[in-house]
1. In the chain, carbon and sulfur make up what percent of the accessible area (probe 1.4 Å)?
2. P(r) for segment 11-80, please, calculated from all Cα pair distances in 5 Å bins and given in %.
3. State the dimensionless ratio Rg/Rh of the chain (Rg: radius of gyration of Cα atoms; Rh: Kirkwood radius).
4. If each of A102 and E40 carries a label point 7 Å out from its Cα toward its Cβ, how far apart are those two points in nm?
5. Which FRET efficiency value, to the nearest 0.05, do you get for I59 and V13 by plugging their Cβ-Cβ distance into 1/(1 + (r/R0)^6) with R0 = 41 Å?
6. Can you give the calculated 222 nm mean residue ellipticity of the chain, where each DSSP H run of n ≥ 4 adds -39,500 (n - 2.57) and the sum is split over every residue, rounded to the nearest 500 deg cm²/dmol?
7. For the chain, what is the accessible area per residue in Å², given a 1.4 Å probe and the full set of protein chains?
Amino acid sequence: GGWTWARLTRRVVPPAGFLPRIVAVLIILFGGLLFLRARESPTFSEIAWDDGRHALQVIVITAVAVSLYVVLGFLITMILMMIALTIVIERKNVLRAAAYSACVVVVTYITFVHVLRAPLPPGVLGYY
């Protein structure tokens, strides 16, 4: 063995348990960081819990999106959910909300399908 072009450019596949280990280590590190910085946050008794209506709206919109996910597919469901969250809850401009929603969903789609190679369920219309 010397260094050949074929050896330098061959595709290296990590072992099966590689990603779960990375995720576990990151969870432990971030959990430790949260633990160390816990005193910087207010206690539960000091937090104002008057935003229940907003939280309920988010939960309802998300629940509807979850129930439609398999039927409509990823792209349509996520764009509708993002538009609902940005227009109904955040009260943003319709065109800006639609553009923002489309961009977020397209980037997410590319990440899952092309980078992570994770299949997304197609809806009944045949779209992902």
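1. 71
2. 3, 12, 10, 9, 9, 17, 20, 12, 5, 2, 1
3. When Rh is taken as the Kirkwood radius, the ratio is 1.12.
4. 3.9
5. The calculated FRET efficiency here is 0.55.
6. It comes out at -18500 deg cm²/dmol, rounded to the nearest 500.
7. 83
The values are calculated or read from the model by the stated rules, or taken from the named source; none is laboratory data. Because the structure is predicted, anything quoted here is derived from the model rather than measured. Cβ atoms come from the backbone with ideal geometry, glycine included; neighbour counts cover every protein chain shown. For the accessible areas, the whole protein counts, side chains as well, though only heavy atoms, and no ligand, DNA or RNA atoms are used. Shrake-Rupley method; radii C 1.70, N 1.55, O 1.52, S 1.80 Å.
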